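Below is one structure; the comments refer to it alone.
The values are calculated or read from the model by the stated rules, or taken from the named source; none is laboratory data. Values in this document were obtained by computation on a predicted structure and should not be read as measured data. The accessibility values were calculated without ligands, DNA or RNA, using every heavy atom of the protein model including side chains. Shrake-Rupley method; radii C 1.70, N 1.55, O 1.52, S 1.80 Å.
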Amino acid sequence: MKKTFQDIFVGIDLIGVISPEEESQKFAENYKNVFGLTDEQVMDSPVAHHPNSTYYGEPEVPGPGVHTITFAGMTPQFECQSPIDGRSSWNDFLKQYGKGVHHIRYDVNSHEDAVAYLEEKGIHVIHSGDSVRGGGVKFAFYDSIDKLGFMIETINLSEIAKKNEK
């Protein structure tokens, strides 16, 4: 039986915006003020280079660098990312559109099924890799802006949780 969107996609768990690095701290302060978040709800991560990254199917070593500020006091979660170096959907977006909503992230039951499902819809992976969370967690960004107005990101948190239950 062919899997449907509902079989694969668990739900939206995060909305991500892109901003230039020099604006990221101001952006974080604005979000804290507007949404009434405390310092404890704002996680400022060091620049990360995701292992096993690909960009349009080609290896990107050590992986593109991105500075991420995550706002934990919101559902879905919210993050601001600033690309630092390397080839990535983050850099592409910032160059083409400037700052703004970059992606909506969906948790999925299967990374492979999500990629196959979106490929069938004509939505292709732009960049992907292993999450800095480790433990087999993978992410992928897709070229869905022309069709949907934003990029789709998938992360296989539910898939990993089910494997760990066994």
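Over the chain, give the accessible area per residue in Å² for a 1.4 Å probe, as an integer.
Ligands and nucleic acids excluded, the result is 53 Å² per residue.
Can you give the Kirkwood hydrodynamic radius for the stretch 71-166, in Å, rounded to one decimal and based on Cα pairs? All intermediate terms of the calculation are to be shown ahead of the outcome.
Working: mean 1/r = 0.0699 Å⁻¹.
Radius from the Kirkwood sum: 14.3 Å.
Could you pull the Rg and Dmax for the chain, using just the Cα atoms, both in Å?
Over the chain's Cα set, Rg and Dmax evaluate to 15.6, 49 Å.
Just how many pairs of Lys in the chain have C-alpha atoms closer than 15 Å, counting pairs that are eight or more places apart or on different chains?
6
Quick one: with all protein chains in place, what share of the accessible area of the chain is carbon or sulfur, to the nearest percent (1.4 Å probe)?
Numbers: 4600 of 8750 Å².
Of the solvent-accessible surface of the chain, carbon and sulfur hold 53 percent.
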